Amino acid sequence: MKTNHRIIVSSMLALTLAGGFTSCEDYLDQEPKSQVSPDNYFTDASQLQNYANRLYSETDKEKAILPSHINQYSYGIFGEDAGTDNQIGVTADDRYTADRWKVDQTENKKWNFEMIYRCNFFFEQVLPKFGGNLDGSENTIGGDLGEIKHYIGEMYFLRGLEYFKKLQLFGDFPIIDKTLPDDLATLTEASKRSPRNEVARFILSDFDEAITLLGDEDMATTRINKDVALLLKSRVALFEGTWLKYFKETAFVPGGPEWPGATKDYNAGFAYESGSIDSEIDYFLTQAMDAAKQVGDVYAASLTTNTGVVPQLDTDPANPFLHMFAQEDLSDVKEVLLWRQYARGLVTHNVNAAASRGNYRIGLTRGLVNNFLMADGTPVYAHGSYVDGDGYYKGDKSIADVRANRDSRLSVFLKEPGQKNILFELDNAEGTDVVAEEPYPLITLGDERGYATGYALRKGGSFNRKHYANGGGYTAAVCFRAAEALLNYMEASYEKNGSLDGTARTYWQTLRRRANVSDDIDKTISATNMSEEAKTTGALIRPAVW
């Protein structure tokens, strides 16, 4: 019996060991659980969404594709125009000092293809599974077809927007629509810069794909949507059309005298796809008008109401236009086409605290302020001197005088000493970084709480103290608004035709009424003196987008 027992035990042990070796071999053949290969990913709509979400949430402001989608999004409100004729900071800019425009010796993050690579990687993995027709008829990805198309559309939008940033920075730029190996010869070949108008056409084609794919799904406006794609298409087309028009016959335009691209053999025989520079200009301006009108006609009657009033008592009714930039949820604000939601204690910013002070020491210029019309639609210079005025325009000896009888967007957003910045939850201990009453501009204060100019913005400031924890603000970030579409159409219409058509005039009057400015635009046109306009240097149309 003992012998038989030993035989049975030995046999069982041998079987166990054999089974162990078999399972070990099977285990070694498996892919690591912490890593999922691309072949096994991108097989479900939720995985496409997750990949897109990671591009939405990029926190490096040099890499983030979407404006206002970095944690400290105050840069987008207070700093985007710093160093221009609209805004100025306190840090010296070497480019305006003779022989002092320095070349950065660190890595140039702007000449960076990481986000373009990430978009191209997505397309290489997803499009073969979705099918080449982009209509979903050959789709093998699991999940709702409308959602799948939507997330692919988002990626086309994101690549187009990233390429637009490169177009603005560099003009001529390499067009790369696939991932590249880490091979010097391949990368050198791919680094050839395409003419800027071809880059712009590539961007428009990405937005066209996005517009087609985004149309089937009604997503929350915290996600990219068809109207946003149309808006950005109009922005890019207007940008390129006006660039080509005003830099025609210079080195800044392909085919122009001394254009650097002409010396490159790969541009030999360069010719505009449309036939000529004038046809190319017309093409882009037509594209801008068409895309802008598709948005403008839908939203022109739904722009956020502006009462023209800055509430100063907790019993005063809110001004929806002012509140649009300082509320936690923008889902019901139709004008806002895309916004970012922040969350208390999770993803926060410091916009509110900055808006109750000096806007991170970035202030408006006098030139921009003087570009805002009077409420009767006439320019400031039609009313005496800038300093003294004529009684209707009260001059600019004080901010109170500057704000009086003006385009209400200026009077709403330009803070005045003595105004209350906080009206609600005055004792909320979370609000640790707030100035309850606006002081005279602290221009001599040297830290980040000081003021750069006497013109400080209220935009982005909440009237509730709970939003003023240092670095802990959680009001929503406006990303894109439909009002821009009206402006884009107006400008493209005039640049293309030399006059304003009926749609452009209607859009202009709509924006004027929202600003509580006379909608007699012909009165403004007849009172405009271009030699006086040149003195203020600010962009004539820029204030309207406020």
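Distance check, please: which entries in 248/496; 334/523; 420/523 exceed 25 angstrom between their Cα atoms?
334/523; 420/523
In whole Å, how far is the Cα centre of the stretch 378-422 from that of the stretch 152-209?
So the separation of the two Cα centres works out to 45 Å.
If I fit a long axis through the Cα atoms of helix 2-28 and take the longest principal axis of the Cα atoms of the chain, what angle between them do I get, 0 to 90°, rounded to 10?
Roughly 30 degrees between the two axes.
Taking the mean number of other Cβ atoms within 10 Å as a proxy for protection, how do you rank 226-235, 425-434 from highest to lowest?
The most tightly packed comes first, giving 226-235, 425-434.
In square angstrom, what is the accessible area per residue of the stretch 203-341 with a 1.4 angstrom probe?
Value returned for the stretch 203-341: 45 Å² of accessible area per residue.
Compute the distance from the alpha-carbon center of the stretch 289-362 to that of the stretch 427-476, in whole Å.
That distance is 17 Å.
Which label belongs to the value computed from this structure, given these candidates for semi-axes √(5λ) of the Cα gyration tensor in Å: [x] 49, 32, 23; [y] 78, 24, 19; [z] 44, 24, 24?
[x]
Under 8 Å for C-alpha pairs, at least 6 residues apart: give me the relative contact order for the chain, rounded to a whole percent.
Working: 891 pairs, mean separation 86.8, N = 546.
So the answer I get is 16 percent.
Under unit Cβ charges (Lys, Arg +1; Asp, Glu -1), what dipole magnitude, rounded to 20 debye, does the chain have relative to its Cα centre? Spell out each step's value before the answer.
Working: 57 positive and 78 negative charges, 222 e Å.
Around 1060 debye, computed over the chain.
Please report the net charge: other residues with Cβ closer than 12 Å to the Cβ of residue 475, K and R +1, D and E -1. Working shown, then result.
Numbers: positive: 340, 344, 459, 466; negative: 328, 329.
Charge balance near residue 475 sits at +2.
How big is the dipole moment of the stretch 401-442 about its Cα centre under a simple scheme where the beta carbon of each Lys and Arg is +1, that of each Asp and Glu is -1, and everything else is neutral? Debye, nearest 20, please.
320 debye
DSSP beta bridges in the chain, what fraction antiparallel, as a percent rounded to 5?
Numbers: 14 of 17 bridges.
Around 80 percent antiparallel, to the nearest 5.
Could you please put 522, 396 in sequence from largest to smallest accessible area, using a 1.4 Å probe?
Numbers: 522 80, 396 35 Å².
My answer, sorted largest first, is 522, 396.
Taking all protein chains as present, what is the carbon and sulfur share of the accessible area of the chain, in % to the nearest whole number, probe 1.4 Å? Can you show the working numbers first?
On the way: 13650 of 26290 Å².
Here it works out to 52 percent.
For the stretch 483-526, with the dipole built from +1 on Lys and Arg beta-carbon atoms and -1 on Asp and Glu ones, taken about the Cα centre, which of 486, 506, 518 lies farthest toward the positive end?
Checking the options against the dipole of the stretch 483-526, the answer is 518.
Among the aspartates and glutamates, which fall within straight-line cross-link reach of residue 264, defined as a Cα-Cα distance under 18 Å, with same-chain neighbours fewer than 8 residues apart omitted?
Cα-Cα hits under 18 Å: 172, 189, 198.
At residue 247 and residue 137, where each label point lies 7 Å from the Cα along Cα→Cβ, what is the point-to-point distance in nanometres?
Result: 4.2 nm between the two label points.
The values are calculated or read from the model by the stated rules, or taken from the named source; none is laboratory data. Quick caveat: nothing in here was measured; it's all calculated off a predicted structure. As a convention, Cβ positions derive from the backbone with ideal geometry for all residues, glycine included, and neighbour counts pool all protein chains shown. Ligands, DNA and RNA are stripped out before the accessible areas are found, and what is left, the full protein with its side chains, is counted by its heavy atoms. Shrake-Rupley method; radii C 1.70, N 1.55, O 1.52, S 1.80 Å.
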